[in-house]
Amino acid sequence: MTNHTDSHTSPDRKSIGKFLLQPIIQLKIAAWSAMWSAMFGLAIAVLFNFSLTNLSNSFVDVGHVDDETIARLYNLFEGVRMSALGLLLGQVMVAVVVSFMMTNRMLGAAVAFRQEIRALINGQYGRKVNLKNGDLFNDVAEDLNELSEQLRRDHKHESNEKETAANHAVNE
């Protein structure tokens with residue numbers, strides 16, 4: 001019986017090109033994830049900027065504030081804005097990385113299943129799909145492995161019957 005490890009868990013996968021199992025699908029999901037994350041982050045940034053502007057205007061309205069204090073407040077708020085922008089960009093990057101990891105985990109199972117089904121179609125019975133522990137599709141992989149093993153036994157039994165029948169025909 002051939003032990004088949006899906007391409008998702010193969011140890012020779014070192015390049016980013018091999019990490020992308022279905023590049024178009026994964027890039028689309030990552031783009032959507034980044035877009036929604038950026039839109040959500042932008043909404044937060046707009047609200048944050050509005051709040052900072054109101055806060056700075058409140059300082060000015062409270063009383064007489066000299067130009068030096070206003071300049072220091074402006075620099076302080078500008079630093080906060082830049083930090084918020086950095087956090088927004090970080091959030092988008094994390095969203096992209098997480099979407100790649102999740103799609104790779106899901107698509108890895110799909111690629112392994114497809115390879116096993118192709119092997120079964122081509123008469124290669126008894127192979128196994130091995131997924132990572134805790135993978136969402138372990139139950140499906142177990143069922144597919146059981147099907148593959150059953151087909152191997154049936155095919156072997158069928159071959160033995162044909163061989164026995166051929167031997168009987170030769171002996172008679």
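The values are calculated or read from the model by the stated rules, or taken from the named source; none is laboratory data. All values reported here derive from a predicted model rather than from experimental measurement. Note that each Cβ is placed from the backbone with ideal geometry, even for glycine, and that neighbours are counted across all protein chains shown.
If you filter the stretch 125-172 down to residues that are in contact with a Ser or Thr (Cβ under 7 Å, 6 or more places away or on another chain) and farther than 25 Å from residue 104 by Cα, you find that the one that is modelled with the lowest pLDDT is 126. Set side by side, the residues 99, 58, 15 differ, and just one is under 30 Å from residue 115 (Cβ atoms) and at pLDDT below 80, which is 15. Figure legend. Inter-residue proximity from the stretch 125-149: first residues in contact (Cβ under 8 Å) with a residue 60 or more places away in the chain and in a helix (DSSP H, G or I), second residues surrounded by fewer than 16 Cβ atoms within 10 Å (Cβ to Cβ) and of a type in the set (A, V, I, L, M, F, W, C), beta-carbon distance below 9 Å, spacing 6+ or different chains. Indicated pairs: 149/1.
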